Every structure is written in structure tokens, then in C-alpha cells.
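Please read the structure below before turning to the comments.
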Amino acid sequence: MPVENVKLSEAPERDKILKAGLNRALKACTVILLVCGFLSTLTVSDYYIFNRFGEFYKSFIISQWVKKCGYVLFPMAIFLNRRSAADVAKYFLPIFIVISAFLYGDFFSVTMATEGASAATMIYAGINEFMPEWVVRMLYYLENGLMAILCVGLFVRDGYKIYPRSFILAPVTMILMMPLNIFENFYDAGSIASDSILNFGSFTIWHFLALLYLAGLTIGVYYLLKHRSEKDKWDILRYLALVMVWQYCSRNSMLMGDGYNVYHTIFTAFPLYICNIGVFIALIAVFTKKRVFLSMAFFIHAAGALTMFVYFGRPEMSNYGIFCSYTTVYLVVTHAWLFVLCVMPAALGLYKWRPKDAVIPLIYYLVFIILATVVSGVITSYSMTLSYNGVYLTEDELIVPNYSFTQIDPLPIYNPPNIPFTIWKYEFNLFYLIFLYLFYVAIFYTFNGLYYLFSYCHKRFINRRGTFMNPAPDAPGDEALENAAEIFTEDAEDSA
């Protein structure tokens, strides 16, 4: 065989090896970026800037917002090979990476341990601000560097050709990744009266609007995905799951800084609340498509998210603020998306629920409640030992994480029978914990019954009318999601 023919036959094989090596390198860099991004949420400064327009350059704030979109775009572009995400990432992110590298101001020195702060605040800061400033800086520049490398890598992998419609995904991702504390720039929380109509709570006008948002979002996403290919359905659900997870992780920074609801320490970031762990279960479910995770998401976490919309808890155990405060917006948005992601695989026919699928989720929930109880007791007991300059936390200042409501009953049911037992220094009521488990099991099965009732009515309606229903009004953001879905469909056609 002539030498020229041997060389020509080796060239495609060499290109294939180089492409495979590039893809492995891009995936490795993406994983490292996501780890760095998560660690950055464990700093006060990460979310501190977004409700303080007057303290930082607005161009820097916007650049940090855009960079957060990279945590969704890069996994979609590199692991799922979505060209639309790749186009947006490589053309949209670089300028903001450069801006953020120079206009950070006092970003790295943000601290809650200020002069004149109370003993409780200093104790909380001692727990929360465990990363030294040099680590925060290192993570920041490492993220910038990795994002720049990934943008270059996408140019090498895909070339310079772009699809103009890809850029519809940019504003969609910007809206979905919006910092949820940004609305706090436009009002002074201290000037809002405690009995103001603007305050959020159970059975207020805002509660009713939250229910409408949940219903509109669920129906809107269903009709958005109903007639798309199975691959598009899964990939759009994965995109939305990534958004939900990063919105959840961003709460870590709020806990360490301004606080979230009634919580002020990083301990609350532990995913030991039923809906918090549900965020990760839903993510794993849509990425792996494993029945066990889909069952846990559908049977446990869909019902858990839905109960939040029914009753937001006793007023004395919550501090939601007004309807556009971070706590309220985060609570409504993330729980609505959690419900949607947990029910949508079954609603779209990607997964069929079976009654026997409830066994593993029930065992999982039992183990989860036991773990939540133990860790709650240990953390509260530990907080009893903390002091600052000889001043200990008062009873009202103790760290009570109340994981999965194991310490404080959210329902207006008072003085249940008491069977006391103690974990370290904290006393629990065994009767209440057993009741809590059985109560939620009853909720899970009630939701399951409603699912079967809805399915039965759905089939009867189809048989009689030949259609399901006219689409309900779109939930906020549905038009943008529709455009994004079109882009995902084009991706699939381009890769075919």
C-alpha cells in the first residue's frame, strides 16, 4: 500500500482521537467549574451584591448575573451537546468575564462581622465565614479562567458558525437565573408596617396568586413539551432542573449574609428539608431517568412541594416579608419548579407510576426523618455551647434548623401528647415525630389518589371530547420557554 494512502487513512482516526480528548477535557473543566461555583455560594459576597446596587458597579453586578448563566449553559453545551447553549456561552459570556475581572471593588472583603454587631451576629459570622479571603479570591479567578477556557474550547469544537435563533436562549436563561433578591433594591423593608397588605402569608391575596402561578406554570410547561420528541422533553427538563438547583444553591449566600426567612447560618443549607433534598432528587431523576429516583420525586417531593402552597406555616414561625422579598420569591419560585419537575415525567408519559413504586420512597422518607431529627438535635445542642466574649446565645437566638419540621410544628395544632427523648441537650417529642411521619405519608397517598382521579377524568374527557383541554393562560416566562424549546428542537435537528 502506498505511503500516501496510509497517511490519509490515519488522519480521520487521529482527528477522532483529538476530538474525544477535547470533549473529555471540556467535561472535566465543566465539572471543576460547577464545584467552584457551588463553593462560591458558600460565601457571603456571592449574593450580597445583587440587592445593593448603590455599593457596587452595576456593570459588575450584571456581569456576575450573566456568569451565573454559565452554570446552566456549559453543562447543556458540553454534556448534552446542545449547540444553542454552546453558541450563547461562547459569544455571550466572554465580555462579562472580562468585566468581572476588573470591577469587583470590595466584593472579596464582604463580612457580617462588623464593628458594633451583636454577640449573636458575631457567633453566626464565625460559623458562616469559614473561608478566608484568599480562598474566595482563588475561587473567583478560577471560575473566570475556567469559563474562558470553556468558551475557547467550544470555538475549537464547533467552529465559529452560529445559529441566530440560538440567542433566544440568552434572555430566557437570564430571566430564569435572575438573582431573586434583586427586587429588594426597590423598597425599604424597614418602612413596611407589620400589618401591611404587601406582606406575604397564608390565605392572603399573595397566597392566591402563588397558587395561580403554580397552576399556570404546570399547565404551561405541560403544553410546551407535550408534542415534542422524547429527547427534547428530557433535555428541556434537564435545563430547567439545572436552573432550579442553582437558584437553590444561591440561597446559601443569603443564609450567610442577609438571612433567609428566620434562618441565619450555613447549617440551614444542609439538604435535610423535604423540598431541599427534593431539588437534588429531581435533578438526578431527569438526568438518569432511573425509576427509583423518578418514583421518589413523584411520590414524595411533588406532594411535599404542593403542601407548601396549601399552607405556609404559622405566622410566628416565619418571616416572609412582603410579596417581593427574597424569602417569598425564592419560596414560591423554587417550590413551583420542584413540583413541575417532579410531576412532568409522569404527565408527559416519560414515566408511568405504579403503586408498588411507593415502597422505596416510604423507606427513604423514614430514614430521612430520622436523620433530620438527629442532625437537628446535634446542631441546636451545639449552638447552646457557643459564646462570644463570654456572651452565650439566648433561647430565641439558638440555632434551630427544624429540618423537615422535626423541631417546630408548622400546623396550628398545639400541645400534642408528649413522649420526651433527648439528643445531646435538645429534647424532642417522639409522639410528634411519629405523627409527623404518618401525617406526611397520608399526604403522599392523598396526592397519589388525586393523581389517579385526575388520570381517570382525563381519559374520560378524551374519550368524550377527543381532546384534553384548551391551553390555560401562560405562566410568567412561558413565552420565553416556548422560544427556548424551539431552539432545543432545532438543536436536535442539526445533530441528526
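The values are calculated or read from the model by the stated rules, or taken from the named source; none is laboratory data. Please read all numbers here as calculations on a predicted model, not as lab measurements. Neighbour counts run over all protein chains shown; Cβ positions are idealised from the backbone, glycine included. Surface accessibility is based on the protein's heavy atoms, side chains included, excluding ligands, DNA and RNA. Shrake-Rupley method; radii C 1.70, N 1.55, O 1.52, S 1.80 Å.
Suppose we keep only residues that are among the aliphatic types (A, V, I, L, M), in contact (Cβ under 8 Å) with a residue 60 or more places away in the chain and surrounded by 15 or more Cβ atoms within 10 Å (Cβ to Cβ) within the range 372-407. Which one would you say is nearest to R314 (Cα to Cα)? Lay out the reasoning, then the answer.
Taking the range 372-407 first, the residues among the aliphatic types (A, V, I, L, M) are 372, 374-375, 378-379, 384, 386, 391, 393, 398-400.
After this cut, where a residue has to be in contact (Cβ under 8 Å) with a residue 60 or more places away in the chain as well, the list is 372, 375, 379, 386, 391, 393, 399.
In the following step, the residues that additionally are surrounded by 15 or more Cβ atoms within 10 Å (Cβ to Cβ) were identified as 372, 375, 379, 386, 393, 399.
Details: A372: 21, V375: 23, I379: 23, L386: 28, L393: 24, I399: 19 Å.
Selected residue: I399.
Check Y273, Y260 and return the single one that is more than 19 Å from G321 (Cα to Cα), of a type in the set (S, T, Y) and out of contact with any His (no Cβ under 6 Å at 6 or more places or on another chain).
Selected residue: Y273, the only one of Y273, Y260 that is more than 19 Å from G321 (Cα to Cα), of a type in the set (S, T, Y) and out of contact with any His (no Cβ under 6 Å at 6 or more places or on another chain).
Could you tell me which numbered condition D232 fails, if it satisfies all but one of (1) buried (at least 17 other Cβ atoms within 10 Å of the Cβ); (2) in contact with a Ser or Thr (Cβ under 9 Å, 6 or more places away or on another chain); (3) closer than 23 Å to W65 by Cα?
Status for D232: all satisfied but (3).
Among the residues of the range 255-266, write down those that are in a helix (DSSP H, G or I) and either among the acidic types (D, E) or surrounded by 22 or more Cβ atoms within 10 Å (Cβ to Cβ) (or both). Before the answer, list the steps.
Narrowing the range 255-266 to residues in a helix (DSSP H, G or I): 255-256, 266.
The answer is L255, M256.
Considering L212, L139, which residue is open to solvent by 40 Å² or more (accessible area, probe 1.4 Å), part of a helix (DSSP H, G or I) and at pLDDT 95 or above? Walk me through it before giving the result.
Values: L139 fails: open to solvent by 40 Å² or more (accessible area, probe 1.4 Å).
Checking each option against the conditions leaves just L212.
Does P315 meet the test of being without any contact (Cβ under 8 Å) to a residue 12 or more places away in the chain and not small (G, A, S)? Can you show your working first?
Numbers: without any contact (Cβ under 8 Å) to a residue 12 or more places away in the chain: no; not small (G, A, S): yes.
For P315, the condition - without any contact (Cβ under 8 Å) to a residue 12 or more places away in the chain and not small (G, A, S) - is not met.
Just to check your reading of the model, which residue among Y456, Y451, Y437, Y364 is in a helix (DSSP H, G or I) and open to solvent by 80 Å² or more (accessible area, probe 1.4 Å)?
Y456
Please state which one of F96, F60 is hydrophobic (A, V, I, L, M, F, W, C), open to solvent by 10 Å² or more (accessible area, probe 1.4 Å) and either modelled with pLDDT under 95 or in contact with a Ser or Thr (Cβ under 9 Å, 6 or more places away or on another chain) (or both).
Result: F96 is the single residue among F96, F60 that is hydrophobic (A, V, I, L, M, F, W, C), open to solvent by 10 Å² or more (accessible area, probe 1.4 Å) and either modelled with pLDDT under 95 or in contact with a Ser or Thr (Cβ under 9 Å, 6 or more places away or on another chain) (or both).
Among (1) exposed (fewer than 15 other Cβ atoms within 10 Å of the Cβ); (2) touching a helix residue (DSSP H, G or I) at 6+ places or on another chain (Cβ under 7 Å); (3) not polar (S, T, N, Q), which single condition is Y160 missing?
All conditions pass for Y160, except number (2).
Do you know which residues across the range 163-177 are open to solvent by less than 30 Å² (accessible area, probe 1.4 Å) and of a type in the set (V, I, T)?
Selection gives V172, T173.
Say whether the condition of being surrounded by fewer than 17 Cβ atoms within 10 Å (Cβ to Cβ), part of a helix (DSSP H, G or I) and in contact (Cβ under 8 Å) with a residue 40 or more places away in the chain is met by at least one residue in the range 188-204.
yes
Does V66 count as under 24 Å from the mean Cα position of the chain (by Cα) and either open to solvent by less than 30 Å² (accessible area, probe 1.4 Å) or under 21 Å from S253 (Cα atoms) (or both)?
Numbers: under 24 Å from the mean Cα position of the chain (by Cα): yes; either open to solvent by less than 30 Å² (accessible area, probe 1.4 Å) or under 21 Å from S253 (Cα atoms) (or both): yes.
For V66, the condition - under 24 Å from the mean Cα position of the chain (by Cα) and either open to solvent by less than 30 Å² (accessible area, probe 1.4 Å) or under 21 Å from S253 (Cα atoms) (or both) - is met.
State which residue pairs qualify: first residue modelled with pLDDT under 95 and inside the range 339-358, second residue buried (at least 16 other Cβ atoms within 10 Å of the Cβ) and of a type in the set (G, A, S) in any location, beta carbons under 6 Å apart, and separation of 6 or more residues or different chains.
Close Cβ pairs (under 6 Å, with a partner that is buried (at least 16 other Cβ atoms within 10 Å of the Cβ) and of a type in the set (G, A, S)) amount to W353/A346; D357/S295.
Can you name every residue in the range 297-341 that is in a loop (DSSP other than H, G, I, E, B) and in contact with a Phe, Trp or Tyr (Cβ under 6 Å, 6 or more places away or on another chain)?
Filtering the range 297-341 for residues in a loop (DSSP other than H, G, I, E, B) gives 311-314, 318-321, 323-325.
Within the range 297-341, Y320, F323, C324 qualify.
May I ask you to list the residues in the range 76-93 that are crowded, with 22+ Cβ neighbours inside 10 Å and within 17 Å of V35 (Cα to Cα)?
Result: M76, I78.
Within the range 335-349, how many residues are more than 16 Å from F447 (Cβ to Cβ) and either open to solvent by 40 Å² or more (accessible area, probe 1.4 Å) or out of contact with any helix residue (DSSP H, G or I) (no Cβ under 8 Å at 6 or more places or on another chain) (or both)? Spell out the reasoning first.
First pass over the range 335-349, keeping only residues more than 16 Å from F447 (Cβ to Cβ): 337, 348-349.
From what is left, the residues that are either open to solvent by 40 Å² or more (accessible area, probe 1.4 Å) or out of contact with any helix residue (DSSP H, G or I) (no Cβ under 8 Å at 6 or more places or on another chain) (or both) are 349.
Residues in the range 335-349 being more than 16 Å from F447 (Cβ to Cβ) and either open to solvent by 40 Å² or more (accessible area, probe 1.4 Å) or out of contact with any helix residue (DSSP H, G or I) (no Cβ under 8 Å at 6 or more places or on another chain) (or both): 1 in total.
With (1) without any contact (Cβ under 8 Å) to a residue 40 or more places away in the chain; (2) in contact with a helix residue (DSSP H, G or I) (Cβ under 9 Å, 6 or more places away or on another chain) as the list, and V441 as the residue in question, which single condition is left unmet?
Of the numbered conditions (1) without any contact (Cβ under 8 Å) to a residue 40 or more places away in the chain; (2) in contact with a helix residue (DSSP H, G or I) (Cβ under 9 Å, 6 or more places away or on another chain), the odd one out for V441 is (1).
Please specify each residue of the range 215-229 satisfying the condition of being in contact with a Leu (Cβ under 8 Å, 6 or more places away or on another chain) and buried (at least 17 other Cβ atoms within 10 Å of the Cβ). If you could, list the steps in order and put the result at the bottom.
Of the residues in the range 215-229, the ones in contact with a Leu (Cβ under 8 Å, 6 or more places away or on another chain) are 220-222, 224-226.
G220, V221, Y222, L224, L225 - these are the residues of the range 215-229 that are in contact with a Leu (Cβ under 8 Å, 6 or more places away or on another chain) and buried (at least 17 other Cβ atoms within 10 Å of the Cβ).
Can we say V31 is farther than 17 Å from Y239 by Cβ and at pLDDT 95 or above?
yes
For the range 231-245, enumerate the residues that are at pLDDT 95 or above and of a type outside the set (A, V, I, L, M).
K233, W234, D235, R238, Y239
Exactly one condition in (1) surrounded by 15 or more Cβ atoms within 10 Å (Cβ to Cβ); (2) out of contact with any Phe, Trp or Tyr (no Cβ under 6 Å at 6 or more places or on another chain); (3) not in a helix (DSSP H, G or I) is not met by L180; state its number.
(2)
Could you go through the range 386-398 and let me know if any residue there is in a loop (DSSP other than H, G, I, E, B) and under 28 Å from the mean Cα position of the chain (by Cα).
Of all residues in the range 386-398, those in a loop (DSSP other than H, G, I, E, B) come to 386, 389-390, 393-398.
Those left that are additionally under 28 Å from the mean Cα position of the chain (by Cα): 397-398.
Within the range 386-398, one or more residues are in a loop (DSSP other than H, G, I, E, B) and under 28 Å from the mean Cα position of the chain (by Cα).
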